[in-house]
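Following: one structure in structure tokens, then a few remarks.
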Amino acid sequence: MNPNKALWEKGDFTRIAQSMRRSGEALVAGLGITPGMKVLDLGCGDGTTALPEAQLGADVLGVDIAANLVEAGNRRAAEAGLANLSFQEGDASNLEGIADNSFDLVVSIFGAMFAPRPFDVAKEMVRVTRPGGRIVMGNWIPGDPTLVAQILKTSAAYSPPPPEGFISPMTWGVEANVNERFVAAGVPVGNLSFARETYTFEYPQPPAALLDAFRTFYGPTMNAFEAAGANGRAGELQDELEALFKGQNQSADKGITAIPATFLKVTVVVA
Ligand SMILES: C[S@@+](CC[C@H](N)C(=O)[O-])C[C@H]1O[C@@H](n2cnc3c(N)ncnc32)[C@H](O)[C@@H]1O
């Protein structure tokens, strides 16, 4: 079994995605989507950004490595009556079956960053985008003090070392790495631009309940708790993450959660 696929099928990202819907809609509203535009949403999960893209009239294909999330996305598209949106399984490192120059816009929000072989990922995203089209990525930033970078850092500290040759997904949050990958894929460096933006995790319960959702449904955190448990350190990990979630909650009503997290927004104009 592909370990990348296994990691994301292990949990149920739909349970986390529920806390990200409003920020997803806001991000999509700024993408300049017009009716009939052809959009690929890569590492789409259950469609947090793909649904609003389709609601703006784009023809949207969602591609994700996790079969359970593809199924959830297709269910959500049907429930929303969106005939212009479909989801299929695929790997951002190898988009075989998708023709060159197929899309006006490729969007990947915290998606393709998790695929192995980042140089192949950049090459594939460029290949399927038409000349003059755009790629927009959202990537978490290593060392950033906000929620997701800290969850991933803490989770890694309790997990066994990754296999030899593993390239951390967080390297997609470093501008120099992103430049290098897209330049290698044939994009002039001047066609890349970067901005720091915010996603807010909103949950109708206290921060500890959102942490429970991560512990139960988010593959990287599930693995960290398994590894920590095997070393008798699950309590320590729980305390560390609980302090993080509580400390970052900006909601005036402490019975609910609103945690902002900073990410790197990458825009690439394909030559
Ligand atoms: C953090 S979730 C984000 C999902 C979605 N973009 C969103 O904003 O809700 C990461 C997603 O990337 C997908 N993913 C991980 N590796 C992938 C790969 N190699 N190819 C395609 N999708 C991948 C996972 O299955 C998961 O749905």
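The values are calculated or read from the model by the stated rules, or taken from the named source; none is laboratory data. All values reported here derive from a predicted model rather than from experimental measurement. Using ideal geometry, Cβ is built from the backbone for each residue, glycine included, and neighbour counts are taken over all protein chains shown.
Within segment 11-21, is there a residue that is within 23 Å of Pro142 (Cα to Cα), in a loop (DSSP other than H, G, I, E, B), out of contact with any helix residue (DSSP H, G or I) (no Cβ under 7 Å at 6 or more places or on another chain) and within 10 Å of the ligand (Cβ to nearest atom)?
Yes, segment 11-21 contains a residue that is within 23 Å of Pro142 (Cα to Cα), in a loop (DSSP other than H, G, I, E, B), out of contact with any helix residue (DSSP H, G or I) (no Cβ under 7 Å at 6 or more places or on another chain) and within 10 Å of the ligand (Cβ to nearest atom).
Can you pull out the residues in segment 22-42 that are crowded, with 20+ Cβ neighbours inside 10 Å and either part of a loop (DSSP other than H, G, I, E, B) or among the polar types (S, T, N, Q) (or both)?
Step one: of segment 22-42, the residues crowded, with 20+ Cβ neighbours inside 10 Å are 23-24, 27-28, 33, 39-42.
Scanning segment 22-42 gives Ser23, Ile33.
Would you mind finding the one in Ala66, Ala58 that is aliphatic (A, V, I, L, M) and more than 14 Å from the chain's Cα centre (by Cα)?
From the options Ala66, Ala58, the qualifying one is Ala58.
Pick out the one residue from Val28, Val63, Val106, Val70 that is of a type in the set (A, V, I, L, M, F, W, C) and in contact with a Pro (Cβ under 6 Å, 6 or more places away or on another chain).
Within the list Val28, Val63, Val106, Val70, the selection yields Val28.
Scanning for something under 27 Å from Ala258 (Cα atoms) and either touching a residue at least 40 places away in the same chain (Cβ under 8 Å) or surrounded by fewer than 24 Cβ atoms within 10 Å (Cβ to Cβ) (or both), does segment 81-98 turn up at least one residue?
No, segment 81-98 contains no residue that is under 27 Å from Ala258 (Cα atoms) and either touching a residue at least 40 places away in the same chain (Cβ under 8 Å) or surrounded by fewer than 24 Cβ atoms within 10 Å (Cβ to Cβ) (or both).
Take the residues in segment 173-232 that are of a type in the set (S, T, N, Q) and within 17 Å of the chain's Cα centre (by Cα), then tell me which one is surrounded by the fewest Cβ atoms within 10 Å (Cβ to Cβ). Even if it seems obvious, please write down each step before you answer.
The first filter runs over segment 173-232 and keeps only residues of a type in the set (S, T, N, Q), leaving 177, 179, 191, 193, 198, 200, 205, 216, 221, 223, 231.
Going one step further and asking which of them are within 17 Å of the chain's Cα centre (by Cα), we end up with 198, 200, 221.
Numbers: Thr198: 13, Thr200: 17, Thr221: 24.
Residue satisfying both the conditions and the ranking: Thr198.
What about Gly45, is it touching a helix residue (DSSP H, G or I) at 6+ places or on another chain (Cβ under 9 Å), within 11 Å of the ligand (Cβ to nearest atom), under 20 Å from Thr200 (Cα atoms) and part of a helix (DSSP H, G or I)?
On the way: touching a helix residue (DSSP H, G or I) at 6+ places or on another chain (Cβ under 9 Å): yes; within 11 Å of the ligand (Cβ to nearest atom): yes; under 20 Å from Thr200 (Cα atoms): yes; part of a helix (DSSP H, G or I): no.
It is false that Gly45 is touching a helix residue (DSSP H, G or I) at 6+ places or on another chain (Cβ under 9 Å), within 11 Å of the ligand (Cβ to nearest atom), under 20 Å from Thr200 (Cα atoms) and part of a helix (DSSP H, G or I).
From the set of residues in segment 118-144 that are without any contact (Cβ under 8 Å) to a residue 60 or more places away in the chain and under 28 Å from Gly235 (Cα atoms), which is surrounded by the fewest Cβ atoms within 10 Å (Cβ to Cβ)?
The qualifying residue surrounded by the fewest Cβ atoms within 10 Å (Cβ to Cβ) is Gly143.
Quick one: which helices (runs of 4 or more DSSP H) lie wholly within segment 172-271 and hold at least 1 residues that are of a type in the set (Ser, Thr, Tyr) and over 17 Å from Ser108 (Cβ atoms)?
Correct list: 207-217, 219-230.
Mind checking which residues of segment 86-112 are outside any loop (DSSP other than H, G, I, E, B), of a type in the set (A, V, I, L, M) and within 14 Å of the ligand (Cβ to nearest atom)?
Within segment 86-112, Val106, Val107, Ile109, Ala112 meet the criteria.
Looking at segment 115-136, is at least one residue modelled with pLDDT of 95 or more, away from the ligand (no atom under 11 Å from the Cβ) and over 28 Å from Gly36 (Cα atoms)?
Yes, that holds for at least one residue.
Quick check, is Gly81 more than 21 Å from Glu180 (Cα to Cα), more than 8 Å from the ligand (Cβ to nearest atom) and part of a loop (DSSP other than H, G, I, E, B)?
Against the criterion (more than 21 Å from Glu180 (Cα to Cα), more than 8 Å from the ligand (Cβ to nearest atom) and part of a loop (DSSP other than H, G, I, E, B)), Gly81 qualifies.
What residue, among those in segment 145-158 that are surrounded by 20 or more Cβ atoms within 10 Å (Cβ to Cβ) and of a type outside the set (A, V, I, L, M), is farthest from the ligand (Cβ to nearest atom)?
Tyr158
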